[in-house]
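One structure coming up, written as structure tokens, with questions to follow.
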Amino acid sequence: MTTISVEDVRNSIRAVKDFPKEGIIFRDITTALKDAQILKYTVDYLCEQYKDTKIDYIAGIESRGFIYGMPMAYKMNCGFIPVRKPNKLPAETIKETYDLEYGSNAIEIHADAIPQGANVLVVDDLLATGGTAAAACKLIKRAGGNVAGVAFLIELTDLKGIDKLNDCGKIVSMLKY
């Protein structure tokens with residue numbers, strides 16, 4: 001069996017120039033996801049970062065946070081909470097709105113998703129401006145949970161999204177661009 005490294009993961013991620021608009025370099029994780037060994041390594045790596053942290057639930061942010069959050073929840077023996085775009089969850093929800101460059105957006109969780117005092121790890125594939133992750137942390141707290149941390153596969157450091165996550169526990173980004 002070949003030993004995988006963080007650099008192998010970096011090399012497996014495709015850079016797509018000018019997507020979704022000119023001047024943007026899109027970090028496409030689908031090339032990493034299709035490689036079974038890379039996928040396993042990324043999930044194991046992110047779980048390992050929180051091995052000494054009590055985690056009751058993983059909150060995966062739609063949609064690529066689901067890709068990493070579900071196998072992490074399985075591996076860490078904890079529950080999974082989907083953080084969805086508005087009007088996607090069937091029962092009563094709580095919503096958090098956040099600002100975008102042009103306008104705003106929102107995310108939701110079920111109102112009964114988190115027991116009081118539960119420790120929740122927020123997971124997403126990419127940290128850019130930090131708006132979505134910060135909104136997810138606010139949702140967790142409003143629901144009565146404790147934010148144990150936030151885990152990302154990729155962080156775009158120039159956008160300084162980490163600055164919005166000061167009170168969100170242990171922050172881990174596997175790759176930084």
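What follows draws every value from the coordinates through simple rules; no lab data is involved. Because the structure is a prediction, the values reported are computed rather than measured. We place every Cβ from the backbone using ideal geometry, glycine too, and count neighbours over all the protein chains shown.
In the chain, once you exclude exposed GluC sites (Glu not before Pro) (DSSP loop, at most 11 other Cβ within 10 angstrom), what's the longest stretch remaining?
Details: sites that count: GLU22, GLU92, GLU101.
The longest such stretch corresponds to 102-177.
Given the stretch 52-176, what count of lysine pairs have C-alpha atoms under 14 Å apart, with each pair 8 or more places apart or on different chains?
Close lysine pairs found across the stretch 52-176: 7.
Here is a follow-up. For THR3 and GLN37 in the same chain, what is the full-extension length gain: residue separation times 0.36 nm, less their Cα-Cα distance, in nm?
Values: separation 34, 0.36 × 34 = 12.24 nm, distance 0.89 nm.
Length gained between THR3 and GLN37: 11.3 nm.
Which value at 222 nm does the chain reach when only helices count, each DSSP H run of 4 or more adding -39,500 (n - 2.57), with the total divided by all residues and rounded to the nearest 500 deg cm²/dmol?
Calculated mean residue ellipticity at 222 nm is -8000 deg cm²/dmol.
Rounded to the nearest 5, what % of DSSP beta bridges with both residues in the chain are antiparallel?
35 percent
Taking the Cα atoms of the stretch 129-177, what is the range of coordinates along each of the three principal axes, in descending order and whole Å?
34, 17, 14
While we're looking at this one, here's another question. In bins 10 Å wide, starting from 0, what share of all Cα pairs of the stretch 1-50 does each bin hold, as a percent?
Bin by bin from 0 Å, the calculated values are 25, 44, 24, 7, 0.
Once the other residues with Cβ under 13 Å from the Cβ of ALA15 are scored (Lys, Arg +1; Asp, Glu -1), what is the net sum?
+2
Continuing with this model, one more query. Is the shape of the stretch 92-141 rounded, prolate or oblate, going by the alpha carbon gyration tensor and its root eigenvalues a ≥ b ≥ c, with a/c under 1.5 for rounded and a/b larger than b/c for prolate?
It comes out oblate by the Cα gyration axes.
Quick check on the stretch 1-112: take the gyration tensor over C-alpha atoms, sort the square-rooted eigenvalues as a ≥ b ≥ c, and tell me if it's rounded (a/c under 1.5), prolate or oblate. Numbers along the way, then the final one.
Values: a/c = 2.55, a/b = 1.16, b/c = 2.20.
Oblate, because a/c is 1.5 or more while a/b does not exceed b/c.
What value does the stretch 52-176 have for Rg/Rh, both radii from Cα atoms and Rh as Kirkwood defines it?
So for the stretch 52-176, dividing Rg by the Kirkwood Rh gives 0.93.
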